[in-house]
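Asks: Provided herewith is a single structure, encoded as structure tokens, for subsequent inquiry.
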Amino acid sequence: MALSDINIKNGRTLMESLRVTRALAAAGITAAAVITPIVTATPASALGYRGCLDYVRDHGYVVGPKVKAACNQKAIHLPLGWAANPLCINGLVQIGVKWDVAQPACERAH
């Protein structure tokens, strides 16, 4: 007897039931991936932007429109913390900010 021949509740086969379960699990994971950034985006996000600007300023650089544009590239949220956005780092380095300052500054841009 194959798994596709085993009937369970409501006349569905075991294989059909497993497909439905997998589809629902995939939909749940997709929904969580979409909703999580929306839920975690709080007014504190503005403080992260300021954290980047303040870090650059505290290391002796003038904060102008180019620094603001670079710091506006938000850090990437990972399960274990924040990673600097390469666009932020590149933007700061291109205007003369040392990489050792740009990388931690961009980690604060969340």
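Asks: Before we move on, is residue 106 surrounded by 14 or more Cβ atoms within 10 Å (Cβ to Cβ), touching a Lys or Arg at 6+ places or on another chain (Cβ under 6 Å) and part of a helix (DSSP H, G or I)?
Replies: It is false that residue 106 is surrounded by 14 or more Cβ atoms within 10 Å (Cβ to Cβ), touching a Lys or Arg at 6+ places or on another chain (Cβ under 6 Å) and part of a helix (DSSP H, G or I).
Asks: Those residues that are under 12 Å from residue 103 (Cα atoms) and loosely packed, with under 13 Cβ neighbours inside 10 Å, I need them from segment 45-90; list them, please.
Replies: 86
Asks: Here is a further query. Go through segment 73-99 and report how many residues are under 14 Å from residue 51 (Cβ atoms) and touching a His at 6+ places or on another chain (Cβ under 8 Å).
Replies: Number satisfying all stated conditions: 3.
Asks: Kindly establish whether residue 39 is modelled with pLDDT of 95 or more and either among the aliphatic types (A, V, I, L, M) or part of a loop (DSSP other than H, G, I, E, B) (or both).
Replies: It is false that residue 39 is modelled with pLDDT of 95 or more and either among the aliphatic types (A, V, I, L, M) or part of a loop (DSSP other than H, G, I, E, B) (or both).
Asks: Shifting gears a bit: Based on this model, can you work out whether residue 97 counts as assigned to a helix (DSSP H, G or I) and either acidic (Asp, Glu) or modelled with pLDDT of 95 or more (or both)?
Replies: Taking the combined requirement at face value, the residue does not satisfy it.
The values are calculated or read from the model by the stated rules, or taken from the named source; none is laboratory data. No experiment lies behind these values; they were computed from the predicted model shown. Here Cβ is always computed from backbone atoms with ideal geometry, including for glycine, and neighbour counts include all displayed protein chains.
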